[in-house]
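Where a number appears in this text, it was derived from the coordinates with a stated rule and is not lab data. Keep in mind it's a predicted model, so treat the numbers as computed, not measured. Because the Cβ atoms are built from the backbone with ideal geometry, glycine has one as well, and the counts that use them run over all protein chains shown.
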């Protein structure tokens with residue numbers, strides 16, 4: 001027996017397959033919160049750099065390190081948004097909290113100390129005589145990690161973004 005498709009069925013199938021402009025944007029609250037928190041933290045680095053150094057440095061928007069921590073803002077926004085959306089009892093929230101703790105611990109630990117070592121190595125290389133083979137190497141990046149205050153500021157920013165995104169929905 002052959003299946004018969006009516007015009008109404010064909011129209012319904014076609015219209016559901018075409019995307020509306022609002023469906024093109026992801027409606028994933030945790031993802032949007034995390035991306036927005038990261039972008040906002042990176043943008044705020046322009047102003048915190050200006051406040052501290054009295055100069056505008058647009059490269060800070062793409063660099064790691066600095067105030068506030070965009071990594072902390074991202075993972076905290078993700079964890080809070082998952083907690084708000086799905087509750088705090090599920091495995092997704094547990095994974096997000098563990099990820100946030102690891103990222104923030106790493107930012108104030110390993111990455112901060114690697115940056116301080118790079119700063120010291122750059123100073124040593126600058127003091128080498130010009131005939132030394134290492135005197136012409138490019139300086140190491142020394143703004144890798146974050147102070148605990150920068151991490152806390154990023155975490156607070158992430159929480160605020162997640163709460164505001166939840167309330168604007």
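Things to note:
- Rounded to the nearest angstrom and listed largest first, the equivalent-ellipsoid semi-axes of segment 78-169 from its Cα gyration tensor are 41, 13, 9.
- Simple spin-label estimate for residue 27 and residue 99 in nanometres, 7 Å along Cα-Cβ: 2.2
- Using 0.36 nm per residue and subtracting the Cα-Cα separation, the extra length available between residue 86 and residue 113 on full extension is 6.1 nm.
- Here the spin labels are modelled as points 7 Å beyond Cα on the Cα-Cβ line, and at residue 106 and residue 131 they lie 4.5 nm apart.
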